[in-house]
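The values are calculated or read from the model by the stated rules, or taken from the named source; none is laboratory data. Predicted model, so just to flag it, every value in this text is computed and none were measured. Cβ coordinates were reconstructed from backbone atoms using ideal geometry, including for glycine residues, and neighbour counts include every protein chain displayed.
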């Protein structure tokens, strides 16, 4: 924290630096700086339209909070059963024209969706772009893109192709066995789980072109298609990671306690913190006073 500025007044620079430390949560001995308070301390003013203090009070940090800092786990929360609805416009279905995907597309049409299949199994970015451009030209109104995905390379090539043709229709990736919502589910398939990892990244980098991720049963039936059409029609506000099981489930991230009996990590020597200029990189050395590493 700089205390001297070229051409600036030292008292102003000192008070500015101390104020910045205070707002960052560093304890400041104001009595030593300004002298002891001689009168009652006034409350900060409130907004005229909101009779409450806008200066946030610090959240008390307990030992339990400190143990959980930086540790999270995936949980699944049940969603209400969606009501019957059908999304409008034309939806482009990119993927294999046989197997479970073909059966799913047929069920979606039975529900009233306008689904146009776009050939592209094993295609690359350029082939996807050409096929999607042709489908956009032929369709009256494209409102979404469906991709039954088994590996992240397919999703990446398709997302790049949609960007190449400047398509605004949201991309929805459909998987099977990519996530496990509980003990009743088998272990997640690593390649299909990677599709979810890439999809979450796409959702952050291109939210305007992202729809979401939906994990389906191995053999989707009419009920699965009806629930999927309802989710697509509603746009699932705030929900873009859903698993259709006996009950629709939404993915959540929750704080995780440390493993029982875990031994704290005690590094020795020099510890290299990559990305040390970020928030987590600056926070970690301050939270590890017992390690005494060279960072």
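For the stretch 211-230, filtering for residues that are surrounded by fewer than 21 Cβ atoms within 10 Å (Cβ to Cβ) and under 20 Å from residue 169 (Cα atoms) leaves 2. When the stretch 88-141 is filtered for residues that are out of contact with any helix residue (DSSP H, G or I) (no Cβ under 8 Å at 6 or more places or on another chain), touching a residue at least 24 places away in the same chain (Cβ under 8 Å), closer than 24 Å to residue 177 by Cβ and outside any helix (DSSP H, G or I), the ones remaining, listed by number, are 97, 121. Candidates 263, 295, 270: the one that is surrounded by 13 or more Cβ atoms within 10 Å (Cβ to Cβ), more than 23 Å from residue 181 (Cβ to Cβ), modelled with pLDDT under 90 and more than 23 Å from the chain's Cα centre (by Cα) is 295. Considered as a group, the residues in the stretch 224-256 that are part of a loop (DSSP other than H, G, I, E, B), more than 21 Å from the chain's Cα centre (by Cα) and in contact (Cβ under 8 Å) with a residue 40 or more places away in the chain include one that is farthest from residue 196 (Cα to Cα), and that residue is 247.
Restricting attention to the stretch 143-159, the residues that are closer than 19 Å to residue 101 by Cβ and either over 26 Å from the mean Cα position of the chain (by Cα) or not in a helix (DSSP H, G or I) (or both) add up to 8. Per the conditions (1) modelled with pLDDT of 75 or more; (2) touching a strand residue (DSSP E or B) at 6+ places or on another chain (Cβ under 9 Å); (3) in a helix (DSSP H, G or I), the sole criterion not satisfied by residue 65 is (1).
Among the residues in the stretch 156-176, are any more than 14 Å from residue 92 (Cα to Cα), in contact with a strand residue (DSSP E or B) (Cβ under 9 Å, 6 or more places away or on another chain) and at pLDDT 90 or above? Yes, that holds for at least one residue.
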